[in-house]
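Notes to accompany the following structure.
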Amino acid sequence: MKKNKAQSAIELFLLIGAVLFFTLGFMSIFQQSIAKKSLEKREFEMQELARSVQNEINIAAKSTDGYLRKFNIPGKIAGAEYSISLNEGYLYLNTTDGKHAMAIQSQNATGQLIVGATNTIRKINSTIFLN
């Protein structure tokens, strides 16, 4: 009789262990999938913001003198803080955690971009000015 109870207890622990193992395995797979989608979303939003600012600068470059436009730059990209700068014909974006960065070519412009604020772009005497 004692042997059957002991065997039943061992089988129960093995069954519970197997269920926990498979549950943790599935949770791990789902977590990795969510992390990958979050990373893709952040990269996509960075690219969209860079293209948006690049387009603003390109429109100003093609416009006549006296061009003036205001546009917003969000404070965060997919929940991450970042910086954006324009230097020697390149637009640079990078997150403050250092995990994401990108650079795209752009027209030369004078000034700086302000994150989380309304930015102003002007064209005066064939020169593009930011803020």
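The values are calculated or read from the model by the stated rules, or taken from the named source; none is laboratory data. All of these numbers come straight from a predicted model, not from anything done at the bench. Backbone-built Cβ (ideal geometry, glycine too); neighbour counts: all protein chains shown.
List of remarks:
Yes/no matrix, rows are residues, columns are (1) at pLDDT 90 or above; (2) closer than 17 Å to Ala101 by Cα; (3) polar (S, T, N, Q):
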site	(1), (2), (3)
Lys5	no, no, no
Phe22	yes, no, no
Ala35	no, no, no
Leu39	no, yes, no
Met46	yes, yes, no
Val53	yes, yes, no
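- Residues in segment 65-120 that are hydroxyl-bearing (Ser, Thr, Tyr) and more than 21 Å from the chain's Cα centre (by Cα): Tyr67, Thr110, Thr120.
- Going through (1) of a type in the set (A, V, I, L, M); (2) exposed (fewer than 12 other Cβ atoms within 10 Å of the Cβ); (3) within 30 Å of Phe129 (Cα to Cα) one by one, Ala50 falls short only on (2).
- Subset tally (residues that are over 21 Å from the mean Cα position of the chain (by Cα) and touching a residue at least 60 places away in the same chain (Cβ under 8 Å)) for segment 16-64: 4
- If the condition is being free of Cβ contacts under 8 Å to residues at least 40 places away in the same chain and among the small types (Gly, Ala, Ser), then segment 99-131 contributes Ala101, Ala103, Gly111.
- Residue check for Ala50: part of a helix (DSSP H, G or I) and in contact with a Phe, Trp or Tyr (Cβ under 7 Å, 6 or more places away or on another chain): no
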